[in-house]
Structures are given as structure tokens and as C-alpha cells.
Amino acid sequence: MRDVTAVGVGSTRYDMWRDKTQTELFAEAAMDAMKDADVEAKEIEALYYANCQGAYGWTQLHAGPIMANVLGIGYIPTTRMENACASGSVAFRHAYMAVAAGFYDIVMVAGSETVSTMTTPRATEAFAFGSDRLYEVCAGVTFPGFYALIANAHIHKYGTTREQLAAVAVKNHKNGAKNPKAQFQKEVTMERVINSPMIADPLRLFDCCPFSDGASAVILASGEQAKRFDTPIYIIGSGQASDYTALHDRKDLTTLAAASYAAEQAYKQAGIGSKDLDLAEVHDCFTIAEIIATEDLGIFKRGQAGVAVLEGATQIDGKIPVNSSGGLKAKGHPVAATGIGQIIEIVEQLRGESGKRQVSIKRGIGLAHNVGGSGGTATVHILKRR
Amino acid sequence: MIRVMVETKLTYDKYMESIRNNKLTGLRCNSCGKVITPPKHLCPNCKSEDLDIIELSGKGKIKTYTIIRVPPPKFAKDAPYTAAIVELDEGPCVTARIIGLASDKVSIGQRVKMNHLEKDDEIELVFNPQ
């Protein structure tokens, strides 16, 4: 396997972009990444394009060629990837593998999403498409509902508290307020989170990430190409695993086993452990998801992540900053762009370009954790500045 | 080598048809004895294909639950309602709504028994308090 580096990153602000199409958002992120890398369109050999809701919300399939064509490179191979909310990182992994295997030297991986094409009831329905339609969605369980089932199991087993869940939202909004690309650049108080409307008990409105539109793109280059770029960031670990889509088929509802398996693969490949990380971006689609993610990644012991977040261990200046970008909660969650956006936050932090939300970089290592649905898919990527 | 036609033993349609008759069906693995439902093609425990259709008691307890207050369009008129993962007495779990129990009275560990709702020829597995 060859070395693979991220040499250019680009992103739109995540927001409800009712006046922009899925293609326009893609083009903005893609051109931003090309400018960042100083790579011309004609140098890109393949496009890995992530999109989740386009077939339902925007009624467009076969979007890969459409995206490549806006860059004037419609002849290159394109592949559209869909693994629910993990679509972006799964596309990233396949782009990474293609460069590592020697098929290509320079590729683009990008995700774009326009959820605002749907009404809230239609989007509520569409977000449950990532779960098992025959045997669990049929019970009227929504996407927040699945994480609420997980949350109640975690509370029952470990005594996770209302304040611990709220502390995740408060921290991530605090970080989002420092991120010019975030959907919510506003802090919230614990009282506001705890008193927000109930969505699916015990999860309230401020325990949930928003609906978002947006796009993110990364240019990957082989290690041999890396010397022509300013600060290449190396991908040193990539893991992906699956689990039963239906929650009821899983052994333990207080963990996402796919995330643990993906983390194990990525740590092993990178030759590091959770103690070596300078920061982590994790999939906080709901507050409980961040707590479980940091346990699955081995950053905290089972049942201890809630305590740690309340004590401030995951703040930007804490022992291990988690979701310095604001996470899905405040930065936003444009489904298929999300996993790529997480990797961009790690790249920018390792480069030292994160401004007011810059974390202290000691070992030059960061991790991105992305989940599809309620844990049917999970990926973990580890990046390093050499 | 003679190849035997692969055929799904307990199809989704058969499973739902049994629920219409207020019976919960599943599979028993003849290799390790594990009881399986909803239907699967291989035993999740030992991966054996040697499975027989069985009828389950339809009784179990709530493993975890939530109260859905912002419903999908199909359930718009029913909200708020309780949805739960029920651990059946034979071992496997299913996801279903809990009907006939006030949402503030639901708790983990509570005993429930299967039932079904029929609307516009569509069948929904539900559970009632036992």
C-alpha cells in the first residue's frame, strides 16, 4: 500500500441553502478544495461522490457524472456512494483505497446534500430510511427515536444523567460559535437545552442535530505526489465496519459495535492508541451519540464519558478536545457531506488553521468517527501531520 | 455436484400473515438451538442454514423504549405513542409500539404480550401490557 495524503480541503458553510442546488453546493466545495491544493480540474483522475437523500428529496439519481461535468471533467470515472449518514466517510475510504492501491495519483472525494428540498414531515420520514424498514421503521420509530431507544438503555445501565447529555450540546454550540462555517454560531445554556421541547423521550430538541444543506470536498494525493504540496496530511488509519441495521438484533444497545470494530482496525493500522490523539471529531447526531462514540473509541471507559464531558475533558482546552468544529449538533449535518467535513476539521486543526477554535497540537494526530443510521455502518479515520 | 434450490424458509409475507392471525413466528436453529425472529436466512449464532419455523409465545418484557412526539407522516394522528424493543421470553427481540399503556407508566422490564393492528389491509405488530 502506498502513502495517501489530504492535500486540499474545501467546504460550504452548512445551513439551509434553499436558494442553492445540490450541484451548486458541490461546485463551491470542490472548487474551494482545488484552490486550497492548487490542483487543476484536469489533474483529477476520479471522483468519489457521496449523496444520501438526493434520490428522494431532489429526485436525482446518477448524480456522479452531473457533478464531474460542472468541473468540466465529465469523462473521469465517478462513483456515487450511499451509506446513510456515513456516506461521506465511506466515499473517503474508497477514494483512499484507490490511491493507496496505485490506481490513481490524485482523486477528489466530495459530498453534497440539499435536505431543505423536503418538508419536515417528509425529511422525518426520509431520515428513517437508514434503518430497517421491514422490521423496525414499521413501528413508527423516527431517527431521533432510534437514538432515544439507545439513550434510555445507556441511562438504565450506567445512570447517564440529563445534565451529562445537555453538556454535549452546550460544548458543541460553544465550539460552533467559533466556526464561521457552522450552521449555529451561537452558544446555548444548559437550562435552554434541558427545557427545550421533547422530541423522543429522553431526547429533546437541543439533543438533536439540525437538518442541513451543504457540501464538503477533499483532494487526496499519493505520497509520491505529496512533496509538491504545502502541508500534506497523511491518512495513517482507515477502518470500516457494519452491524445489524435493526437495533433489536444487536447484543448490547449501549454501544455501537461497528464503531468499536472500525476503531480497532484504524488504531492497529496507524500503530497508535486513543491516548495519542490530539483531537477527535465524532458523530454527534444526538447528544447520547457523542457520549457513546467516545466510549466506543476507547477515549473514556464505558459509562464514564458523560461524567468526562460534564467535567470539561472534551472542551477545546480540555484533555482531549471532541468536536472542536461544533460537531453535527452546531456545525450542522448535511448527511453525505458530514463525514468529509469531519475530516476537513482534522486537516485544518493539524495544519494549525482553525483560528479561535484551534486546539493544542502535540503529536499531530487526529481522528474522525462517522456513523450511518443508528450504527449499521461506522468508519474511523486517523490523520497525521508528519 | 447437485445444487439444491435455495429458498427463504420464513419469508416476510409468511411472518406478517402469522401476525394477522395474532401469532408470532420465528425460527429455531437445529444446530445450536437458538431461537430467531424477525426472520433470517442463517443462524446469527452458529451460521447454520438448518432452521425450522416455530411459533413463539408472543410474551416478553420491555428492553428499552421511547415516546415518539414528532411522528413520521404515516403515524401523524397517533402521536404521542410509545415504541419499544421487546425481549421475547424465547430470547430474540423485536421493535413495536406499546398500545394500551399510558406513556408515563412505561418502564424497562415491564411484561408485555403481542397483539396486532389492522388498518387498510396493513398489519402492524404491537404489544399490550400483560
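The values are calculated or read from the model by the stated rules, or taken from the named source; none is laboratory data. As the structure is a computational prediction, the values presented were derived from the model and not from experiment. Every residue, glycine as well, gets a Cβ built from its backbone with ideal geometry; the counts of neighbours run over all protein chains shown. When the accessible area is computed, the model is the full protein with side chains, heavy atoms only, and any ligands, DNA or RNA have been set aside. Shrake-Rupley method; radii C 1.70, N 1.55, O 1.52, S 1.80 Å.
Quick notes
- Restricting attention to the range A:146-173 and to residues that are β-branched (V, I, T) and in contact with an Asp or Glu (Cβ under 9 Å, 6 or more places away or on another chain), the residue that is least open to solvent (accessible area, probe 1.4 Å) turns out to be A:V168.
- Residue count for the range A:213-248 satisfying the condition of being within 11 Å of another protein chain (Cβ to nearest Cβ) and either under 17 Å from A:I292 (Cβ atoms) or open to solvent by 40 Å² or more (accessible area, probe 1.4 Å) (or both): 2.
- Of all residues making up the range B:104-130, the number that are surrounded by 15 or more Cβ atoms within 10 Å (Cβ to Cβ), within 10 Å of another protein chain (Cβ to nearest Cβ), over 10 Å from the mean Cα position of the chain (by Cα) and under 24 Å from A:D252 (Cα atoms): 2
- Restricting the range A:249-278 to residues that are assigned to a helix (DSSP H, G or I) and within 14 Å of another protein chain (Cβ to nearest Cβ), the residue that is farthest from A:I292 (Cα to Cα): A:D249
- Some residue of the range A:34-42 being in a helix (DSSP H, G or I), within 20 Å of A:V347 (Cβ to Cβ) and open to solvent by 50 Å² or more (accessible area, probe 1.4 Å): yes
- Members of the range A:54-96 found to be at negative phi and assigned to a loop (DSSP other than H, G, I, E, B), listed by number: A:W58, A:Q60, A:L61, A:L71, A:I73, A:G74, A:Y75, A:I76, A:P77, A:E82, A:A86
- So B:V70, is it closer than 30 Å to A:D207 by Cβ, buried (at least 16 other Cβ atoms within 10 Å of the Cβ) and under 17 Å from the mean Cα position of the chain (by Cα): no
- Within the range A:334-357, considering residues that are part of a loop (DSSP other than H, G, I, E, B) and in contact with an Asp or Glu (Cβ under 9 Å, 6 or more places away or on another chain), the one nearest to A:I288 (Cα to Cα): A:P334
- Hits in the range A:366-386 (condition: over 17 Å from A:A84 (Cα atoms) and open to solvent by 10 Å² or more (accessible area, probe 1.4 Å)): A:K384, A:R385, A:R386
- Within the range A:332-356, the set of residues being open to solvent by 20 Å² or more (accessible area, probe 1.4 Å) and not acidic (D, E) comprises A:R351, A:G352, A:G355, A:K356.
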